[in-house]
1. Could you pull out every residue, at least 5 positions away or on a different chain, whose amide H is within less than 5 Å of the one on L284? Hs are placed 1.01 Å off N in the peptide plane, and Pro or chain starts have none.
2. How would you rank 137-150, 19-32, highest first, on the average number of other Cβ atoms within 10 Å across their residues?
3. For the chain, what is the mean residue ellipticity at 222 nm derived from helices alone (per DSSP H run of n ≥ 4: -39500 (n - 2.57); sum divided by total residues; nearest 500 deg cm²/dmol)?
4. I need the calculated FRET efficiency for the pair Y134 and R66, taking r as the beta carbon distance and R₀ as 41 Å, to the nearest 0.05.
5. Treat every Asp and Glu Cβ in the chain as -1 and every Lys and Arg Cβ as +1, leave all other atoms uncharged, and give the resulting dipole magnitude about the Cα centre to the nearest 20 debye.
6. So if we plug the beta-carbon distance of H207 and R185 into 1/(1 + (r/R0)^6) with R0 = 45 Å, what FRET efficiency do we get, rounded to 0.05?
7. Around G281, under 15 Å between beta carbons, what's the net of Lys plus Arg minus Asp minus Glu among the other residues?
8. So what J values fall out for the range 190-201 if you push phi through Karplus, 6.51 cos²θ - 1.76 cosθ + 1.60 with θ = phi - 60°, rounded to Hz, Gly and Pro as x?
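Bear in mind these aren't lab numbers, they're just calculated from the coordinates by the rules spelled out. Since the structure is predicted, the reported quantities are computational estimates derived from the model, not experimental observations. In this analysis, Cβ positions are derived from the backbone assuming ideal geometry, glycine residues included, and neighbour counts consider all displayed protein chains.
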Amino acid sequence: MEILLTYRHRAVTAEDVAFIRALIAANPHAKRRELSRLLCGAWNWVQSNGALRDMVCRGLMLSLHRSGLIELPAVRCPRLNPLAKSRAQRQAPRVLSIETAPLEVSLAQLGTLEVRLVRRTPHEALFNSLLSQYHYLGYGQPVGEHLKYLIWAQGRPVACLAFSSAPRHLGCRDRFIGWSAAARRRNIRGVAYNTRFLILPWVKVPHLASHVLGRIVRGISGHWQQVYGHPLYFLETFVDPERFRGTCYRAANWQLLGITTGQGKDNRTHQPNRSIKEVLGYPLGPDFRERLASLTDTL
C-alpha cells in the first residue's frame with residue numbers, strides 16, 4: 001500500500017487520506033481541533049494513559065494540509081503561540097517570596113524530608129518561581145511528559161527537581177542501553193531526563209543533594225506510572241564539567257555514560273556549537289536493558 005507521508009513514525013497511506021477527507025466532509029462545521037480529536041477517536045490513537053494524542057494528530061493533519069493532500073478549515077481564531085516567542089519575550093514565572101534565613105544543619109538535624117509532586121497543584125507556581133530566581137539556567141517550561149518535585153523540610157522548601165521526556169537520540173546513552181533504533185523509537189518513553197536540580201542557596205546541609213536523589217529514584221517510576229500510565233526504567237542527566245563535578249550524582253550511584261558532541265539537536269553543521277556535557281545515567285532496575293531493548297509491549 002502506497003505511503004504518502006510519514007509523521008512521528010506513523011505512516012499515512014492513500015486509504016488514510018481518503019478517510020480523513022471523508023471525516024472532514026462529514027463534519028463541515030468542525031474546527032481543526034475537533035477534527036483531530038475525531039480522528040484520534042476513529043484511529044484509537046491514544047497515549048499510554050488513555051488520553052487522545054490530540055496535538056500529534058493535529059500536527060499530522062497540518063502536514064497533510066500543507067502537502068495539498070487534504071483541505072483543513074480555515075483558522076477561525078488565530079492565537080499567538082507562546083512557545084514560538086523568544087526567551088526574552090516569554091513571560092517569566094511570577095516571583096514569590098519565601099523565608100531565606102540560612103539553614104545550616106546536619107542531615108540528621110534537618111529531620112524528615114517531604115517529597116511533593118507539584119505539577120498542576122497550588123505549589124507549582126512556587127516551584128517555577130524558585131527555579132527562575134535561583135537556578136543558573138532559569139526556568140524552562142517542560143515539553144511532553146514531565147514531573148516537578150518540591151522537597152520540604154522543617155516546613156520550608158529546600159530543593160527542586162524536574163524530570164521530562166528524554167532526548168530521542170543520545171549516542172552514549174544508546175550504546176550503554178544497547179537497543180536498536182526500532183526499540184529506541186518504541187521504548188524511549190521509558191527513559192526520563194533530569195532537566196533541573198536545585199538545592200536552594202541558603203540551605204547548607206552536607207549530603208542533602210545525594211540523599212534527595214536517592215529518595216526520588218526510589219519513587220519516580222511509580223509516580224510516572226500514576227500520571228502517564230507507564231513506568232520508567234532509566235534516568236539520565238547532563239552535567240556541565242566547566243561548572244560542576246556532578247559529585248551528588250556520583251555519590252547517589254549515577255554512572256558516567258560518556259559526553260555529548262556539543263552539537264545540539266538542530267545543528268546542521270556537524271560542528272560543536274555549545275559546551276560539551278557529561279552524561280550520567282541511573283538504571284531503575286536490573287532488567288532495564290531487557291525492557292528497553294524489547295520490541296514487544298514491555299512498558
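1. F234, L235
2. Values: 137-150: 16.6, 19-32: 13.5.
Highest to lowest by the protection proxy: 137-150, 19-32.
3. Numbers: 10 runs with 99 residues, N = 299.
Result for the chain: -9500 deg cm²/dmol, rounded to the nearest 500.
4. Numbers: r = 42 Å, r/R0 = 1.03.
Efficiency at R0 = 41 Å is approximately 0.45.
5. On the way: 41 positive and 20 negative charges, 122 e Å.
It comes to approximately 580 debye.
6. Numbers: r = 39 Å, r/R0 = 0.87.
E(calc), rounded to 0.05, equals 0.70.
7. Values: positive: R173, R175, R184, R250, K277, R289, R291; negative: D174, E236, E278.
Surrounding charge for G281 is +4.
8. x, 10, 10, 10, 7, 7, 9, 9, 9, 8, 4, x
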